[in-house]
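Engineer: My structure is below; once you've seen it, I'll send some questions.
The values are calculated or read from the model by the stated rules, or taken from the named source; none is laboratory data. Keep in mind the model is a prediction, meaning the values are calculated, not measured. Reconstructed Cβ throughout: ideal geometry from the backbone, glycine too, with neighbour counts over all protein chains shown. Accessible surface areas use protein heavy atoms only, side chains included; no ligands, DNA or RNA. Shrake-Rupley method; radii C 1.70, N 1.55, O 1.52, S 1.80 Å.
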Amino acid sequence: MSKLGNLGARLHRGEVSYDFVGKRKIWYGISILITIMAILGLTVRGLNMGIEFQGGAVFTTPSTSASVAQAETYAQDSSGHQAVVQKLGTGGLRIQIAGIETGKADQIRDALAKDLNVNAEKINADLVGPSWGEQIASKAWQGLAIFMVLVVIYLAIAFEWRMAVAALVALIHDITITTGIYALVGFEVTPGTVIGLLTILGYSLYDTVVVFDSLKEQTKDLTKQTRWTYSDVANMSINSTLVRSINTTVVALLPVAGLLFIGGGFLGAGTLNDISLSLFVGLAAGAYSSIFIATPLVADLKEREPQMRALRKRVLAKRAQASAEGELAAARAGVEPDEGEPEDSTPAVVGQRDQPASRTRGRGRPSGKRR
């Protein structure tokens, strides 16, 4: 078995673990900081909306010797608007000008043909009206709102309302970070970007539901015992599904990274950036939120219940009593307790099972038999 597979098996059995829930204030702080930066990016720079949302024209030229910088200058001079130019594999150019009136398209095409020294009839012009772009944007927001409502309703029925709230917070967290990075990077927002956002929301929700399902299963009849608090069980649920989350995230990120860094960056296929950046950032943010935000937030909300508060008091009291009895037994035996031992008797590894009584019976005291 590989090292990662062995680690996953040990995490699932509770032999090792990391206290994700106990350090939740750190994760909350990191998320708040990243979210503030994303909101500032959206406020200061704003989103670079494509012509599908603003209206405008896209001119595709045949092969030309003009550079991208020269074409940008020609397009801006002829239209009076900012232009985005991309070099195509055929040697031609893709010139995108947003915010222009469709009636001026022929005039701009003739000017570009003269400046680029190409035949005007060979320049293809695709026009998008501003009303069509507004309709697309409106439908996108409606689809996102409906998706959020359905997610909350489903999770509230399948699990409970606290998990629905936590999942909704995680989804908003992912959307804010992804759109904020789009604003900071300056990539163009196209319908492909919207598709990428909806895709990462589904992925993030899937990862969160996997942990929630494990948590729901392990918290049955939780109040009938006095060994674990709800936070302890939530932490076990995260650790038991941790390697699975890492594996699925890495496998999903590899092809997306290929599109973004190789296709869009190295090969210069700028149209791939629209969907690949949203997928790459969203997948990473979704994996982070499902582990560090959603489940710890459920634990916070759940332990506000009177039953869970009472359970926590009983568990802590039992641990304190066990710790005091251990210190007393050590003092009677004339053995100093280790300085590195914790004051309570909580196992160092959450989820580790107690030793059977038959194995520990008689340890630390004479058996009464002569050797």
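Engineer: So Asp221 passes all but one of these: (1) within 30 Å of Lys318 (Cβ to Cβ); (2) in contact (Cβ under 8 Å) with a residue 24 or more places away in the chain. Which condition number does it fail?
Structural biologist: Single failed check for Asp221: (2).
Engineer: Looking only at the stretch 112-124, how many residues end up being closer than 18 Å to Asp77 by Cα and either among the β-branched types (Val, Ile, Thr) or assigned to a helix (DSSP H, G or I) (or both)?
Structural biologist: Selection size over the stretch 112-124: 8.
Engineer: Here is a further query. Please state which of the following conditions Ile123 fails to meet, knowing it meets all the rest: (1) touching a Ser or Thr at 6+ places or on another chain (Cβ under 7 Å); (2) open to solvent by 60 Å² or more (accessible area, probe 1.4 Å).
Structural biologist: The single condition Ile123 does not satisfy is (2).
Engineer: For the stretch 93-105, which positions are farther than 11 Å from Phe59 by Cβ and either among the acidic types (Asp, Glu) or at pLDDT 85 or above (or both)?
Structural biologist: Within the stretch 93-105, just Glu101 meets the criteria.
Engineer: With (1) closer than 22 Å to Ser290 by Cα; (2) buried (at least 17 other Cβ atoms within 10 Å of the Cβ) as the list, and Gly41 as the residue in question, which single condition is left unmet?
Structural biologist: (1)
Engineer: Sort through Gly264, Gly258 and tell me the only one that's part of a helix (DSSP H, G or I), crowded, with 20+ Cβ neighbours inside 10 Å, at pLDDT below 85 and not polar (S, T, N, Q).
Structural biologist: Gly264
Engineer: Answer yes if at least one residue in the stretch 302-315 is surrounded by fewer than 13 Cβ atoms within 10 Å (Cβ to Cβ), part of a helix (DSSP H, G or I), at negative phi and modelled with pLDDT under 85, and no otherwise.
Structural biologist: The answer is no; no qualifying residue exists.
Residue-by-condition table, conditions (1) free of Cβ contacts under 8 Å to residues at least 40 places away in the same chain; (2) part of a helix (DSSP H, G or I); (3) in contact with a Gly (Cβ under 8 Å, 6 or more places away or on another chain); (4) closer than 14 Å to Gly50 by Cα:
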| residue | (1), (2), (3), (4) |
| --- | --- |
| Asp126 | no, no, no, yes |
| Ser138 | yes, yes, no, no |
| Gly143 | no, yes, no, no |
| Ile146 | yes, yes, no, no |
| Val149 | yes, yes, no, no |
| Ala156 | yes, yes, no, no |
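Engineer: Right, something else. Only one of these conditions is not met by Ala137: (1) within 21 Å of the chain's Cα centre (by Cα); (2) over 29 Å from Leu301 (Cα atoms); (3) of a type in the set (Gly, Ala, Ser). Which number is it?
Structural biologist: Unmet for Ala137, out of (1) within 21 Å of the chain's Cα centre (by Cα); (2) over 29 Å from Leu301 (Cα atoms); (3) of a type in the set (Gly, Ala, Ser): (1).
Engineer: Say whether the condition of being assigned to a helix (DSSP H, G or I), at pLDDT 85 or above and open to solvent by 20 Å² or more (accessible area, probe 1.4 Å) is met by at least one residue in the stretch 192-204.
Structural biologist: No, the stretch 192-204 contains no residue that is assigned to a helix (DSSP H, G or I), at pLDDT 85 or above and open to solvent by 20 Å² or more (accessible area, probe 1.4 Å).
Engineer: Check Asp207, Asp274 and return the single one that is acidic (Asp, Glu) and closer than 30 Å to Arg94 by Cα.
Structural biologist: Exactly one residue qualifies, and that residue is Asp274.
Engineer: Sticking with this structure for a sec: Would you please name the residue that is surrounded by the fewest Cβ atoms within 10 Å (Cβ to Cβ), looking only at residues in the stretch 213-235 that are touching a Ser or Thr at 6+ places or on another chain (Cβ under 7 Å) and more than 13 Å from Gln307 (Cα to Cα)?
Structural biologist: Among those that are touching a Ser or Thr at 6+ places or on another chain (Cβ under 7 Å) and more than 13 Å from Gln307 (Cα to Cα), it is Gln218.
Engineer: Scan the stretch 316-362 residue by residue and report those that are of a type in the set (D, E, K, R), modelled with pLDDT under 50 and open to solvent by 100 Å² or more (accessible area, probe 1.4 Å).
Structural biologist: Glu339, Glu341, Glu343, Arg353, Asp354, Arg359, Arg361
Engineer: For Thr90, only one of the following conditions fails: (1) under 30 Å from Val185 (Cα atoms); (2) at pLDDT below 85; (3) surrounded by 13 or more Cβ atoms within 10 Å (Cβ to Cβ). What is its number?
Structural biologist: (3)
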